[in-house]
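The values are calculated or read from the model by the stated rules, or taken from the named source; none is laboratory data. In this text, all values refer to a predicted model and were calculated from it rather than measured experimentally. Here the Cβ positions follow ideal geometry from the backbone for every residue, glycine too, while neighbour counts run over all protein chains shown. SASA here: full protein model, heavy atoms, side chains in, ligands and nucleic acids out. Shrake-Rupley method; radii C 1.70, N 1.55, O 1.52, S 1.80 Å.
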Amino acid sequence: MVSKEYLSASDNVLIIDDFLANGNACIGLADIVKQAGANLVGISCCVEKTYQGGYQKLVDLGYDVYSLARIKEMKNGKITFV
């Protein structure tokens, strides 16, 4: 939740998320930005779990998405990066 006194139509917003999995948190935040009439300039995340599809969901909605690290899979206690 974001108070209307902190987000207005004159704002440019970059969403930063810790983990991108299914993309639902970013979609919810993007909706808040849209309701405020602000401009969403992009979405960035620290770690993307590529196998969960969130990146593609956000791109399909027209958002620019950037990740610092991309995980291909987590299996048997081992992490494989893209």
Identify, from the list Ala21, Ala25, Ala30, Ala9, the residue that is open to solvent by less than 90 Å² (accessible area, probe 1.4 Å), free of Cβ contacts under 8 Å to residues at least 12 places away in the same chain and not β-branched (Val, Ile, Thr). Ala25
Of all the residues that make up region 33-54, how many are within 30 Å of Glu5 (Cα to Cα) and open to solvent by 70 Å² or more (accessible area, probe 1.4 Å)? 4
